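The values are calculated or read from the model by the stated rules, or taken from the named source; none is laboratory data. What you are looking at is a predicted structure, and each value in this text was computed from that prediction instead of being measured. Cβ sites come from the backbone with ideal geometry, for glycine too, and all protein chains shown count toward neighbours. Note: accessible area is taken over every heavy atom of the protein model, side chains too, but ligands, DNA and RNA are not part of it. Shrake-Rupley method; radii C 1.70, N 1.55, O 1.52, S 1.80 Å.
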Amino acid sequence: MSLFDAASCPRLIVKIGSALLVDPDGGVRRSWLAGVVADIAARVREGQQVAVVSSGAIALGARRLGLAKGGRASLEDAQAAAATGQIALSQAWAELLADEGLTAAQMLVTLDDLEDRRRYLNAAATLDRLLGLGAVPVINENDSVATAEIRFGDNDRLAARVAQAAGAHGVVLLSDVDGLYDRNPALPGAEHIARVDRIDAAIEAMADDGSASGMGSGGMVSKIAAARIACQAGVALAIASGRIDRPLSAPARHTLFAPERRGRARKAWLAGRLSAKGAIVVDAGAAHALGQGRSLLAAGATAITGRFARGDLVTIEGPDGIIARGLSEYDAADAQRLLGRRSEEHGAILGYAPRAALVHRNHMVLA
């Protein structure tokens with residue numbers, strides 16, 4: 001599988017760390033970033049949808065505020081630096097993407113946004129819509145409000161969680177090394193690992209938890225943790241060097257972490273961790289459409305049972321029994337009001353902007 005090919009990886013998440021994006025003086029490495037944006041534009045022209053998880057706000061803000069230790073001397077310093085630096089970071093991305101004819105979109109998230117099921121669905125729906133419209137979402141942790149207790153702690157793991165929410169097929173972590181080695185790559189005899197099919201204790205033992213630049217918050221340990229999150233969700237993850245120009249132009253060497261089978265991983269998440277709060281009964285036409293990979297539209301639904309809220313797990317029942325499980329986009333009362341109605345009627349019925357489906361295909365698995 002190539003993450004740099006639209007056919008095998010239609011939706012890609014690219015993570016860029018502070019050490020790559022920010023120079024030692026605290027400014028944006030604009031020339032290098034322009035090369036990355038050119039690569040992203042090339043991917044988009046070939047039909048690949050790309051979102052970026054971009055570090056750098058704290059490092060950029062620390063320079064502007066004159067903060068010691070890169071803005072990481074205290075939580076308060078980090079929050080102030082992030083609030084200041086995020087403006088400069090977003091401006092750089094927006095300008096460079098515009099130069100390539102692309103529209104940038106900013107999303108700032110906290111851990112709670114992707115842990116709470118309703119907020120997760122909101123983030124997932126926004127990402128899906130932005131990517132479908134051809135925009136390039138630029139995502140960062142909202143460090144200006146996140147605390148030690150409610151934060152990802154590094155953007156490697158954030159990228160893996162964003163990949164889950166976006167229904168992505170691959171994640172590329174651009175790093176200061178070209179992948180995983182069997183020991184610290186600075187040591188004599190260190191051997192590059194091209195592919196990892198299973199993350200076990202031996203693989204974890206190869207990780208070095210240092211961040212050589214002093215700007216970032218993660219090392220190889222965080223990248224292995226991100227790979228575990230991604231692979232368990234059926235998403236491939238690669239660690240590749242960003243210390244070259246145009247790093248997304250199919251790098252010569254990287255480490256690919258092979259995912260679990262996509263359907264099995266998503267089914268385990270939906271079916272194994274949550275109890276269904278209700279059911280949506282559908283007609284034969286809707287049952288057939290679901291089997292073809294479609295979302296569940298209200299027009300094909302005939303009945304609602306149980307009491308559930310938006311984001312709860314529901315079963316979808318056809319004429320022959322349960323055919324799927326998924327996360328509801330509506331609570332039971334609003335879903336009941338939409339039964340059998342066409343999508344263009346939903347806004348008038350509900351009195352607010354409706355969701356596209358009762359259960360989106362990205363949050364559904366067939367039984």
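Take every Cα pair under 8 Å in region 159-210 that's 6+ residues apart, average their separations, divide by the length, and report that relative contact order as a whole percent.
On the way: 35 pairs, mean separation 14.9, N = 52.
So the answer I get is 29 percent.
Would you please report the Å³ per residue occupied by the convex hull of the alpha carbon atoms in the chain?
145 Å³
Using a 1.4 angstrom probe on heavy atoms only, work out the carbon and sulfur share of the accessible area of the chain in %.
49 percent
Among all the aspartates and glutamates, which ones have a C-alpha under 12 Å from Lys69's C-alpha, if same-chain residues fewer than 8 places away are not counted?
Within the straight-line limit of under 12 Å, Lys69 reaches these aspartates and glutamates: Asp77.
Note the angle between two axes, namely the Cα long axis of helix 155-166 and the longest principal axis of the Cα atoms of the chain, as a number of degrees from 0 to 90, rounded to the nearest 10.
So the inclination is approximately 20 degrees.
May I ask for the net charge around Thr255, where only other residues with Cβ less than 12 Å from the Cβ of Thr255 are counted and Lys, Arg are +1 while Asp, Glu are -1?
Charge balance near Thr255 sits at -1.
For region 66-150, what does the alpha-carbon gyration tensor say about shape, rounded, prolate or oblate, given a ≥ b ≥ c as the root eigenvalues, a/c under 1.5 as rounded, and a/b over b/c as prolate?
oblate
Give the distance, in whole Å, between the Cα centre of region 281-350 and the Cα centre of region 1-66.
Result: 38 Å between the Cα centres.
Would you mind checking the tilt of helix 220-232 against the longest principal axis of the Cα atoms of the chain, expressed as 0 to 90 degrees and rounded to 10?
On a 0 to 90 degree scale, this one is about 20.
Taking the 0 to 90 degree range and rounding to the nearest ten, how far is the long axis of helix 30-45 tilted relative to the main principal axis of the chain, both from C-alpha atoms?
That works out to roughly 30 degrees.
Arg45: net charge of surrounding residues, Cβ under 14 Å, Lys/Arg +1, Asp/Glu -1, itself excluded? If you can, show how the numbers build up before the last one.
On the way: positive: Arg43; negative: Asp5, Asp39, Glu46, Glu100.
Cβ neighbours under 14 Å give a net charge of -3.
Solvent-accessible area per residue for region 11-265 at a 1.4 Å probe radius, Å²?
Computed with neighbouring chains in place, this is 41 Å² per residue.
Enumerate the calculated ³J(HN,Hα) couplings along region 336-352 in order (Karplus 6.51 cos²θ - 1.76 cosθ + 1.60, θ = phi - 60°), each rounded to whole Hz, writing x wherever the residue is Gly or Pro.
Going residue by residue, I get 4, 5, 8, 3, x, 9, 6, 4, 5, 8, 4, x, 5, 5, 8, x, 8 Hz, with x marking Gly and Pro.
Identify, among Ile16, Asn362, Ile139, the residue whose Cα sits farthest towards the positive end of the charge dipole of the chain, taking +1 on the Cβ of Lys and Arg and -1 on the Cβ of Asp and Glu, with the dipole about the Cα centre.
Asn362
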